[in-house]
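Down below is the structure, laid out as structure tokens.
The values are calculated or read from the model by the stated rules, or taken from the named source; none is laboratory data. The model shown is predicted, which means the values in this text are computed figures rather than measured ones. Heads up, the Cβs are rebuilt from the backbone with ideal geometry, glycines too, and the neighbour counts pull from every protein chain shown.
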Amino acid sequence: MPVNRVTLYKIPDTDSIPSMLEQLSTLNQDAKKDGKPYLVRAVAGQTAGDPRAQGYTLCLSTSFASLEDMKYYDEADEAHNNIKSLFKGKVETPPLMVYMDNVVGS
């Protein structure tokens, strides 16, 4: 069953968000498992200036074919590790991450 994940970041220096989005722009191609791209989908963007965002300024939405693929992404994916390194020091607090099985909709 597909797993959908949303990761929210608080980036105090909003001027750095465009370069962070540039780094995320190739995630679909760069994230590889067994030498092949495996992410079902990865999209990212700056959040809207809405008080309900609670200070989160960057959103990354990823979809995986399985929970096993998501665990691989977290623990072993080189592209994800590179992003974490590049984001280090730019993120105010640990990112908020939630995931779910897709029960409603496609």
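Annotations for the structure displayed:
- Some residue of region 9-18 being in contact with a Leu (Cβ under 8 Å, 6 or more places away or on another chain) and either of a type in the set (Gly, Ala, Ser) or more than 16 Å from residue 92 (Cα to Cα) (or both): no
- Selection within region 56-75 - in contact with a helix residue (DSSP H, G or I) (Cβ under 8 Å, 6 or more places away or on another chain) and without any contact (Cβ under 8 Å) to a residue 24 or more places away in the chain: 74
- Meets criteria (of a type in the set (Gly, Ala, Ser) and surrounded by fewer than 12 Cβ atoms within 10 Å (Cβ to Cβ)) for residue 35: yes
- Of residues in region 56-88 being assigned to a helix (DSSP H, G or I) and among the hydroxyl-bearing types (Ser, Thr, Tyr), the one surrounded by the fewest Cβ atoms within 10 Å (Cβ to Cβ): 85
- Qualifying residue in region 80-98 (condition: more than 21 Å from residue 10 (Cα to Cα) and of a type outside the set (Ser, Thr, Tyr)): no
- Only residues that are in a strand (DSSP E or B), farther than 18 Å from residue 81 by Cα and of a type in the set (D, E, K, R) were counted in region 1-40, giving 0.
- Residue within region 76-88 that is over 20 Å from residue 33 (Cβ atoms) and either free of Cβ contacts under 8 Å to residues at least 24 places away in the same chain or among the charged types (D, E, K, R) (or both) present: yes
- Subset of region 36-51 (residues that are modelled with pLDDT of 95 or more and not hydrophobic (A, V, I, L, M, F, W, C)): 36, 37, 38, 41, 45, 46, 47
- Within region 2-11, the set of residues being modelled with pLDDT of 95 or more and not hydrophobic (A, V, I, L, M, F, W, C) comprises 4, 5, 7, 9, 10.
- Scope region 34-69; condition closer than 15 Å to residue 97 by Cα and of a type in the set (Phe, Trp, Tyr); matching residues: 56, 64
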